[in-house]
Amino acid sequence: MTTGAQTPRSPARPPRSRLRTFLPLGIAAWLVLEIWLLTVVAGASSGFVVFLLLVAGIVLGSVVIKSAGRRAFRNLTQTLQQQQAGVMPESRPNSEGNGLMMLGGLLLILPGLISDALGLLMLLPPVQKAVSRYAERTVERKLREAGPGTLGDAFRQARMHQPDGRVVQGEVIRDDPDDAPQDPRPPLTR
């Protein structure tokens, strides 16, 4: 139950981020481009060739994801066994990149020639290292820009729709067991 006080309303909605504005437009343009490219290839060769390309992408993507997942699980198992034995886990030179390999496999599974080309690029080790370095720099920069506080504060702030952290005032009324009516309640009927 609230006290009846009006909650103050913000005079203007905060502006949308550029990502939220342009992401749907970018996805729509990508889909249109993929469909157009598939029709061009089908017109130059045949629909059966396009079908074979799509099936080959699905099969190759599945194989890549499966092998990257097995390698990641094997690395995790070895690390856990070394930790249980009391030995410091050794760093493996080729243990990174499983996530990027899975991303490449996912891009191969998605129907379309552009996503297949991007998926094949993600399977190349120099491209994986470049993407990994870029992602690491971006995350470090975002962490430096973030204000001080705990992770719980960040989640609490993300759940609130007000960026300044305002809380809607109200009161909670609890029924004490002593105040409950002693008579049995009648059954609910429809």
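The values are calculated or read from the model by the stated rules, or taken from the named source; none is laboratory data. Note that the structure is predicted; figures quoted are calculated from it, not measured. All accessible areas refer to the heavy atoms of the entire protein, side chains included, with ligands and DNA or RNA removed. Shrake-Rupley method; radii C 1.70, N 1.55, O 1.52, S 1.80 Å.
What accessible surface, in Å², does a 1.4 Å probe find on Glu140, ignoring ligands, DNA and RNA and rounding to the nearest 10?
Spelled out: Glu140, probe radius 1.4 Å, area about 90 Å².
Could you calculate the contour length gain from Arg16 to Phe48, that is, 0.36 nm times the residue separation minus the distance between their Cα atoms, to one decimal place in nm?
Working it through step by step, the gained length comes to 7.1 nm.
Enter the accessible area of Lys129 (Å², nearest 10), with the probe set to 1.4 Å and all protein chains included.
Lys129 exposes around 130 Å² with every protein chain in place.
Compute the distance from the alpha-carbon center of the stretch 9-72 to that of the stretch 98-119, in whole Å.
9
If the chain between Lys66 and Val41 were fully stretched, how many nm would it gain, using 0.36 nm times the residue separation less the Cα-Cα distance?
My answer for the length gained is 6.1 nm.
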